[in-house]
Amino acid sequence: MCGIIGYVGKKSASPILLEGLRRLEYRGYDSAGVAVLDKTALVVRKKLGKIDEGIARLLKAEPVTGSLGIAHTRWATHGAPADKNSHPHFDQSETIAVVHNGVIENYDKLKQRLLQAGHKFKSDTDTEVLAHLIGEHYARRRGASGDAKTKSKLEPPHVVSYKPEMLALAVSDALREVIGTYGLAVICTDFPDTIVGARRGSPLIIGIGKGEHFLASDANAIVAHTKRVVYLNDYDVATITPERFDVINLGTDTANVQISNLEFSHEDVGRGKFAHFMLKEIYEQPQTVLNALRGRLDFEAATAKFGGLNMTVAELRGIDRIVIAASGTSWHAALVGEYLIEELAQLPVEVEFAHEFCYRNCPLEKNTVLLVLSQSGETADTLAALREAKRRGHRALAIVNVVGSTIAREADGGIYMHAGPEIGVASTKAFVSTLTVLTLLAVHLGRMRMLSAGRATEILRGLEALPQQIEKLLAQNGALKKLAKKYAQADDFFFLGRGYTFPIALEGALKLKEISYIHAEGYSAAEMKHGPIALIDAQTPTVFLVPQDAMYEKTLANLAMIRARKGPVIALATEGDKGIKKVADDVIYLPKTLEALNPILASVPLQLFAYHMAVARGCDVDKPRNLAKSVTVQ
Ligand code: AGP
């Protein structure tokens with residue numbers, strides 16, 4: 001949700017910032033802007049619209065030079081998408097520029113105070129208030145240092161007589177007044193080789209280069225330049241120059257600085273031969289499932305093994321209940337997790353929307369563990385749930401994709417998906433990887449309880465077969481494209497499933513609505529008759545998940561109810577089910593697998609279907625309207 005990149009070194013900043021913005025665009029694409037410091041001249045360019053149509057064109061027409069700069073791609077929170085609300089924002093003196101991710105909750109109060117002091121604002125954003133606040137503190141510190149005279153930003157000769165720490169201190173002063181979340185980068189004409197960054201609740205990392213340093217909200221933006229990074233912690237304030245970086249922490253005496261190596265490369269964040277990231281990521285799934293399984297199948301003990309749960313066998317056996325908290329697609333994965341863990345480990349599971357879990361004060365018995373699921377590891381609601389459980393003295397585990405993300409670092413233990421960077425705003429491969437890891441976890445917990453070796457082995461074998469079966473599903477891409485063409489004009493859709501495939505119906509509907517803007521409802525096939533069936537008519541197609549599982553006959557009966565009301569039916573059925581053709585208008589076949597693994601296989605054709613529907617309707621698949629990849633505000 002919004003992206004930040006900053007560069008200081010010897011190269012020209014503008015191309016590095018622009019390329020970084022392209023890599024960050026999935027974080028937000030309402031508008032974008034850059035601020036570059038050329039010796040003492042602070043030049044800002046910003047533009048409404050996506051990167052290539054907006055800021056890239058502007059920079060071509062009006063280039064900027066200089067080897068220090070900050071840039072931002074925006075997903076609007078305060079203030080509508082507009083040139084004036086785009087970042088960077090200036091302080092009152094226009095010698096300080098700020099880019100910011102997050103929300104300043106007390107911005108109105110701060111703004112009133114600044115207005116009374118004579119400040120004038122040009123935008124409707126909370127960020128501009130923050131910029132003015134930093135400017136106010138900087139002016140005060142500078143005055144106290146013996147030079148209260150206000151310099152014009154371009155007035156020569158420009159003499160920098162202030163210590164670089166002064167900017168970091170002014171930023172710290174301002175942040176002590178702020179309630180809310182931020183990842184930010186600040187530059188000032190007095191310090192032509194310094195960028196100050198800070199974080200609370202919104203990710204920010206330092207990239208370490210040779211004679212150059214970077215700041216970024218997301219490693220994707222800088223992986224082409226360096227793999228050595230420092231993940232900043234909440235309340236860290238960092239100062240970078242070409243030669244060094246320094247970090248202080250507002251809450252503790254010393255900052256905890258650790259250098260990590262990025263595990264992915266520049267190529268991993270490219271689209272390759274694919275038209276869209278989403279399609280590329282759907283096609284990566286045979287490999288990403290393999291990555292999630294690698295080293296974790298233990299056929300000898302008929303179980304799954306993990307390195308990072310950080311719990312002893314006795315502690316794992318002592319768990320009486322698991323609460324899974326997540327958001328969006330990850331919440332759908334959590335519902336499958338509930339079915340898996342309850343069936344295989346006979347352990348009670350409750351699934352919560354992360355945002356509900358935080359505020360509704362639900363009882364958590366002594367031996368309850370919270371498990372959070374998150375692709376990005378940065379979703380604010382999910383992070384808040386994790387912190388709430390820990391605050392209440394409970395162990396909090398996480399299944400996360402992004403290595404080094406905040407959730408990954410704050411969890412007591414967890415499992416990585418190893419799905420690699422997911423750039424498509426609509427989550428696909430991470431969903432399937434989450435399901436794969438949840439299955440492994442259910443087996444792991446089950447084998448400490450009552451799950452037989454025979455049944456566990458059957459599941460492990462089923463998991464092992466998935467990559468090949470997903471390849472088979474991908475081979476149906478042409479058929480799914482055709483199907484999408486046939487139904488592309490529909491205004492409403494239903495997705496129905498029962499048992500293990502009920503959450504997949506929810507996910508199928510979410511995929512369709514978020515990228516093709518078609519109204520779609522996911523429902524339990526059995527629940528339809530209790531009301532929603534009133535909406536079925538000849539213009540409302542239903543995607544029916546009807547694999548040959550324990551609920552098969554019952555689901556067929558539900559399907560008949562839709563047919564009786566003339567609703568068109570697209571069935572996802574098990575290979576070899578010939579009878580289904582008689583009751584469905586169109587059929588997509590799923591390879592035979594265990595009931596517990598149907599969710600993984602059924603997800604793939606639904607992803608492809610949503611993708612082709614969006615393309616057929618001319619939608620921007622990777623940048624769906626109103627959305628951003630990870631939601632870092634609550
Ligand atoms: C999925 O397609 C979404 N765009 C969205 O629902 C997402 O799954 C949700 O915001 C949670 O993200 P996370 O997994 O990164 O926490």
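The values are calculated or read from the model by the stated rules, or taken from the named source; none is laboratory data. Keep in mind the model is a prediction, meaning the values are calculated, not measured. Every residue, glycine among them, receives a Cβ derived from its backbone with ideal geometry; neighbour counts consider all protein chains shown. All accessible areas refer to the heavy atoms of the entire protein, side chains included, with ligands and DNA or RNA removed. Shrake-Rupley method; radii C 1.70, N 1.55, O 1.52, S 1.80 Å.
Overview of values
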read-out: Evaluation of I248 against (1) assigned to a strand (DSSP E or B); (2) open to solvent by less than 30 Å² (accessible area, probe 1.4 Å); (3) farther than 15 Å from I70 by Cα (one fails), failing number; value: (2)
read-out: All positions within the stretch 450-461 that are open to solvent by 50 Å² or more (accessible area, probe 1.4 Å) and modelled with pLDDT of 95 or more; value: S452, G454, R455, E458, R461
read-out: Index of the failed condition, A408 passing every other in (1) away from the ligand (no atom under 14 Å from the Cβ); (2) open to solvent by 20 Å² or more (accessible area, probe 1.4 Å); value: (1)
read-out: Which listed residue, of F191, F214, is open to solvent by less than 10 Å² (accessible area, probe 1.4 Å), in contact with a strand residue (DSSP E or B) (Cβ under 9 Å, 6 or more places away or on another chain) and at pLDDT below 95; value: F191
read-out: Matching residues in the stretch 22-61 - criterion: being more than 23 Å from the chain's Cα centre (by Cα), touching a residue at least 40 places away in the same chain (Cβ under 8 Å) and open to solvent by 20 Å² or more (accessible area, probe 1.4 Å); value: K39, T40, A41, V44, K46
read-out: Any hit, the stretch 390-401, residues being assigned to a loop (DSSP other than H, G, I, E, B), surrounded by 22 or more Cβ atoms within 10 Å (Cβ to Cβ) and at positive phi; value: no
read-out: L309, sole failed condition from (1) closer than 13 Å to A398 by Cβ; (2) within 16 Å of the ligand (Cβ to nearest atom); value: (2)
read-out: Residues satisfying the stated conditions in the stretch 22-41, i.e. in contact with a Phe, Trp or Tyr (Cβ under 8 Å, 6 or more places away or on another chain) and assigned to a strand (DSSP E or B); value: none
read-out: Candidate set: the stretch 471-480, residues that are in a helix (DSSP H, G or I) and out of contact with any Phe, Trp or Tyr (no Cβ under 8 Å at 6 or more places or on another chain); chosen: the one farthest from P547 (Cα to Cα); value: G478
read-out: F274 free of Cβ contacts under 8 Å to residues at least 12 places away in the same chain and not small (G, A, S); value: yes
read-out: Sole residue being free of Cβ contacts under 8 Å to residues at least 12 places away in the same chain and open to solvent by 30 Å² or more (accessible area, probe 1.4 Å), chosen from E350, E343, E356; value: E356
read-out: Evaluation of E105 against (1) closer than 15 Å to L175 by Cα; (2) touching a helix residue (DSSP H, G or I) at 6+ places or on another chain (Cβ under 6 Å); (3) modelled with pLDDT under 95 (one fails), failing number; value: (2)
read-out: K578 vs. criteria without any contact (Cβ under 8 Å) to a residue 12 or more places away in the chain, closer than 21 Å to A479 by Cα and not in a helix (DSSP H, G or I); value: yes
read-out: Within the stretch 339-379, tally of residues that are charged (D, E, K, R), within 14 Å of D320 (Cα to Cα) and either part of a loop (DSSP other than H, G, I, E, B) or within 16 Å of the ligand (Cβ to nearest atom) (or both); value: 2
read-out: Criterion (at pLDDT below 95, within 16 Å of the ligand (Cβ to nearest atom), closer than 30 Å to D622 by Cβ and hydrophobic (A, V, I, L, M, F, W, C)) met by exactly one of V437, V403, V432; value: V403
read-out: Matching option when the condition is over 30 Å from N101 (Cα atoms) and touching a Cys at 6+ places or on another chain (Cβ under 9 Å), among E350, E343; value: E350
read-out: Filtered residues of the stretch 496-536 (kept if within 16 Å of the ligand (Cβ to nearest atom), farther than 24 Å from L340 by Cα, open to solvent by 10 Å² or more (accessible area, probe 1.4 Å) and not aromatic (F, W, Y)); value: K513, E514
read-out: Hey, S427 of a type in the set (S, T, Y), in contact (Cβ under 8 Å) with a residue 60 or more places away in the chain and within 12 Å of the ligand (Cβ to nearest atom) or not; value: yes
read-out: Any pair with Cβ under 8 angstrom, 6 or more apart, that starts in the stretch 385-407 at a residue that is closer than 24 Å to V229 by Cβ and ends at one that is in a helix (DSSP H, G or I) and away from the ligand (no atom under 14 Å from the Cβ); value: I399/L441; G404/A219
read-out: Where R617 falls short, out of the listed (1) more than 16 Å from the ligand (Cβ to nearest atom); (2) over 19 Å from A484 (Cβ atoms); (3) open to solvent by 50 Å² or more (accessible area, probe 1.4 Å); value: (2)
read-out: Answer from A97, A76 - the residue that is within 24 Å of L204 (Cα to Cα) and touching a residue at least 60 places away in the same chain (Cβ under 8 Å); value: A97
read-out: Those residues of the stretch 294-333 which are open to solvent by 20 Å² or more (accessible area, probe 1.4 Å), part of a helix (DSSP H, G or I) and more than 20 Å from V402 (Cβ to Cβ), in sequence order; value: V313, A314, E315, R317
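Residue-by-condition table, conditions (1) within 16 Å of the ligand (Cβ to nearest atom); (2) in contact (Cβ under 8 Å) with a residue 60 or more places away in the chain; (3) of a type in the set (D, E, K, R):
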| site | (1), (2), (3) |
| --- | --- |
| L606 | yes, yes, no |
| H612 | no, yes, no |
| V621 | yes, yes, no |
| N626 | yes, no, no |
| T632 | yes, yes, no |
